[in-house]
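The values are calculated or read from the model by the stated rules, or taken from the named source; none is laboratory data. For clarity, every value in this text was computed on a predicted model and none was experimentally measured. For neighbour counting, all protein chains shown are included, and Cβ atoms are generated from backbone atoms with ideal geometry for every residue, glycine included.
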Amino acid sequence: MKRVVVGLSGGVDSSVTAYLLKEQGYEVIGLFMKNWHDDSVTISNECPWLEDSNDAMIVAEKLGIPFQVVDLSEQYKERIVDYMFNEYEKGRTPNPDILCNREIKFDVFMDIALKLGVDYVATGHYCRKAEEKINGKMIYKLLAGKDNNKDQSYFLCQLSQEQLAKALFPIGELTKPEVREIAKKADLITAEKKDSQGLCFIGKVRLPEFLQQKLQPIVGEIVQIPSDFKQYTTSIPKFTTKEAELNYFSTKFSYQKEDGKVVGKHQGAHYFTKGQRKGLNVGGTKEALYVIETDVKENIIYTGEGKKHQGLYRNVLFVSNEEIHWIREDLELFMGYTLEVEARIRYRQKLEKATLYKVDSGLYVAFKNKQSAIQEGQFVAWYQNEELLGSGVIS
């Protein structure tokens, strides 16, 4: 009888994960991760983790499995929260959920679980795992979840072969309605519970308010760039190499204050991200204004009118060598090689055709169609036939 630790979060997905594994004959242990108790930074007045750990405990009792709470708040603060503040301060946009999976759930948490002498760690992610022997070596594959609306493989795009080897995703073959149905039949308290929105395992976080506690508000100007800005219409140069061409198209537009007109004020460029529309509070335009660039040094936000504004779009992005991660290490690209893939730059974005180009300094991802709001600090993940092969942080 194999033993497995389930990360019980107090939600329906992890509850059903534990239930299914027990039905399959595993010896199941439930662990709840407490990821926060730093009073110097209040996350929200509602404290969901108490309610969530209570729900997780009730589910464990119902299933007759041992349960305990592990406190990972110190590691979470160091590896996730401090990193987030750092990135926002630099004007980049991190993805805490991806980091939380790489650094906390499948690292710190997995270590604790394996010390309990278990064979696997299971989570309630909507994704699947497959394995295949290739050249005499067992290779683990991360596949998209069967439920297209809920596929969460993107959040696991930084996992390694070692982490995948020990991971189980029992609900990856199911849809969300099926999961709720199983929970109802099993009479689990979480069957009707709403999905948590917010940072991984912290709960209800409003990001600007959270950031304001560490990054002080500084009043700056909002500048509107016209749709006929000169850089949008300059003729494309002739390129002598493919790399020169990729470099040209991956370079973002650069703006000066005098390129547009000042249309409002903001409380700090580091609170805004490319593609953002809410929170600008500027009226008087036919279409809504979108953030097309932030300059945290000069504390200026550059905006464009309408979601078709050219300043929002690029079709090439770059990932530096130290930020490239292959789940399928056996498929890693070497210098000069290319690979046809499908890729996405954010969760829930539909996969788009793209080509990877490996160069000396890193990896270019060239999309067939232009992508809106490519943002430094976010992750690009690439797939082939439902399998997530690798990912990287956008430079």
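Residues in region 355-381 that are of a type in the set (A, V, I, L, M, F, W, C) and under 26 Å from Val291 (Cβ atoms): Val365, Ala366, Phe367, Ala373, Ile374, Phe379, Val380, Ala381.
Within region 281-296, one or more residues are at pLDDT 95 or above, within 30 Å of Val341 (Cβ to Cβ) and among the hydroxyl-bearing types (Ser, Thr, Tyr).
Exactly one residue out of Gly30, Gly10 is of a type in the set (Gly, Ala, Ser), within 27 Å of Glu78 (Cα to Cα), crowded, with 20+ Cβ neighbours inside 10 Å and modelled with pLDDT of 95 or more, and it is Gly30.
Step by step: first the residues of region 319-376, then only those that are among the basic types (Lys, Arg) and over 21 Å from the mean Cα position of the chain (by Cα), then the one that is farthest from Ala130 (Cα to Cα). Which residue is that? Ranking the qualifying residues of region 319-376, first place goes to Lys368. Looking only at residues that are touching a residue at least 60 places away in the same chain (Cβ under 8 Å), surrounded by fewer than 23 Cβ atoms within 10 Å (Cβ to Cβ) and part of a helix (DSSP H, G or I) in region 103-127, which one is nearest to the chain's Cα centre (by Cα)? Among them, the one singled out is Ile104. Being part of a strand (DSSP E or B), farther than 26 Å from Arg180 by Cβ and either acidic (Asp, Glu) or modelled with pLDDT under 95 (or both) holds for only one residue in Val70, Val81, and it is Val70. Based on this model, can you work out whether Leu164 counts as modelled with pLDDT of 95 or more and under 20 Å from the mean Cα position of the chain (by Cα)? So Leu164 passes the test.
Could we say that Pro177 is at pLDDT 95 or above and out of contact with any strand residue (DSSP E or B) (no Cβ under 7 Å at 6 or more places or on another chain) here? Criteria met by Pro177.
Within region 212-230, residues that are over 17 Å from Gln276 (Cα atoms) reach partners that are among the β-branched types (Val, Ile, Thr) and loosely packed, with under 14 Cβ neighbours inside 10 Å with beta carbons closer than 9 Å, at six or more positions or on different chains, in the pairs Gln213/Val41; Gln213/Thr42; Lys214/Val41. Here Glu192 fulfils each of the conditions (1) over 30 Å from Gly311 (Cβ atoms); (2) modelled with pLDDT of 95 or more; (3) not in a helix (DSSP H, G or I) apart from (2).
Counting only strands (runs of 3 or more DSSP E) that sit completely within region 271-356, those holding 1 or more residues that are touching a helix residue (DSSP H, G or I) at 6+ places or on another chain (Cβ under 7 Å) and outside the structural domain of Phe85 (by TED's automatic domain parsing) correspond to 289-295, 300-305, 313-320, 338-344. Could you please let me know if Gly392 is in contact with a helix residue (DSSP H, G or I) (Cβ under 7 Å, 6 or more places away or on another chain) and assigned to a strand (DSSP E or B)? Yes.
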